[in-house]
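Working notes, beginning with the structure itself.
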Amino acid sequence: MHYLMDRYTVSARRACRVVQTTRSSVYYTSRHALLTSLRQRMREFAQTRVRHGYRRLRVLMQREGWPVGTERFYRVYTEEGLALRRKRPWRHVTAVYREQRRAATAYNDIWRMNFVADQLADGRRFRARTVIDMFARECLAIDIGHGLGGYDVAATRERLRFERGVPQRIYCDNGTEFVSAAMDLWAYTNGVILDFSRRGTPTDNAMIESFNAR
């Protein structure tokens, strides 16, 4: 059809009339390529954001410009077996093998952050959030409070952004504060990569674990 239109410089209507076919065949575009790329990118996100459900994954993919509706995204999400509520050993799929993490090469290249908990003499518990620059081996912040959530983590990062700038990458575990929507939005706005540890593998963030222990 396109050959006739280019060779004889005729419209799609006339070319379809000559070969006795419908014009819809000319304007049809396959969606298989889009779904294949969508599935691949969805799996990549699910492997790194192991605690994100389909709604959070869809937000991440919409930021990259994927034109997909909620119902289609959920259908592909379930077909790929990415649902979080599955009866399986908790180390089975989420504890994926990853590439070895590289070492920091400059200031504000890679930060690590984590939480440590303790209690006061009267039994009240508190938490401390620590942030370390891997290259300088310097503790950038230690925030203490009875309840530190995702918005508090984002607020600390925003304060450090004015004092020290922003890192290229942040290593952290899969705690609810680090995988929160507030933290994810801050990282996306400032162009920071969140590199999450594998579940059940504290050695992925061994440096700050050792710092907190001491």
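FYI, it's all coordinate maths here, none of it is from the lab. Remember, predicted model here, so these are calculated numbers, not experimental data. A quick note on method: Cβ atoms are made from the backbone with ideal geometry, for glycine too, and the neighbour counts reach across all protein chains shown.
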Nitroxide proxy distance, nm - points 7 Å out along Cα→Cβ at Val116 and Arg51: 2.0 nm
Those residues of segment 128-149 whose amide nitrogen sits under 12 Å from the label point placed on Ala182, 7 Å along Cα→Cβ: 147-149
Nitroxide proxy distance, nm - points 7 Å out along Cα→Cβ at Arg75 and Asp109: 4.7 nm
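At 222 nm, what value in deg cm²/dmol follows for the chain if DSSP H runs of at least 4 each add -39500 (n - 2.57) and the sum is divided by all its residues, to the nearest 500?
Details: 9 runs with 89 residues, N = 214.
Here the helix-only value at 222 nm equals -12000 deg cm²/dmol.
For Thr70, what charge total do you get from the other residues with a beta carbon under 11 Å from its beta carbon, if Lys and Arg give +1 and Asp and Glu give -1?
Values: positive: Arg55, Arg58, Arg72, Arg75; negative: Glu71.
Neighbour charge sum, excluding Thr70 itself: +3.
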Prolate/oblate/rounded call for segment 32-79, Cα gyration tensor, a/c under 1.5 rounded: rounded
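Any idea what the relative contact order of the chain is, in percent, if you count C-alpha pairs under 8 Å spaced at least 6 apart?
Details: 242 pairs, mean separation 32.9, N = 214.
Rounded, it is 15 percent for the chain.
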